[in-house]
1. Name every residue in segment 106-151 that is closer than 22 Å to residue 88 by Cα and not in a strand (DSSP E or B), in order of residue number.
2. Condition test on residue 152, is it crowded, with 17+ Cβ neighbours inside 10 Å, over 26 Å from residue 59 (Cα atoms) and without any contact (Cβ under 8 Å) to a residue 24 or more places away in the chain?
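The values are calculated or read from the model by the stated rules, or taken from the named source; none is laboratory data. Keep in mind that what you see is a predicted model, and the values were worked out from it rather than measured. Backbone-built Cβ (ideal geometry, glycine too); neighbour counts: all protein chains shown.
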């Protein structure tokens, strides 16, 4: 473990480190990031906390230096993802909390909402169905804030035809419509 750290110090990746106990270390990187957790054979392995220089923070499982297993990523803008990671990416079941108080709960693949999920809008509307690359795709059930159930059909986030006659003017459905510049693809 110490050999790998010393090698990274020579490569100017690590500014300082401290062995806390056994395989637990505290590492300060030259870019200002700070890692505290298990470090085995020169890699983050097991439980750890990474504090990013931009204000973000990841707390959870690592394997082979990448986020793997359960973890929580809190971004500098206050958004948060709680869920499963695989090879450093959001993969599997999770929950994403947007800065506008919207919530996506469901499956992700390669950092995007892909698979079955629910999107809870801060206005009380709920969308349930299938997502692909952060966009509604296929039949989508909307329960509006008044409790009305509306079934709509989407292709790549665009309403292609109503499945029933109780349709409002909703014609686009991608994650976080109130704040389109925020995506589930954060690290």
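1. The answer is 110, 111, 133, 134.
2. Values: crowded, with 17+ Cβ neighbours inside 10 Å: yes; over 26 Å from residue 59 (Cα atoms): yes; without any contact (Cβ under 8 Å) to a residue 24 or more places away in the chain: yes.
Answer is yes for this residue.
Residues checked against (1) assigned to a loop (DSSP other than H, G, I, E, B); (2) over 26 Å from the mean Cα position of the chain (by Cα); (3) over 24 Å from residue 85 (Cα atoms); (4) at pLDDT below 95:
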{"residue": "6", "(1), (2), (3), (4)": "no, yes, yes, yes"}
{"residue": "9", "(1), (2), (3), (4)": "no, yes, yes, yes"}
{"residue": "12", "(1), (2), (3), (4)": "yes, yes, yes, yes"}
{"residue": "16", "(1), (2), (3), (4)": "no, yes, yes, yes"}
{"residue": "19", "(1), (2), (3), (4)": "no, yes, yes, yes"}
{"residue": "47", "(1), (2), (3), (4)": "no, no, no, no"}
{"residue": "50", "(1), (2), (3), (4)": "no, no, no, no"}
{"residue": "54", "(1), (2), (3), (4)": "yes, no, no, no"}
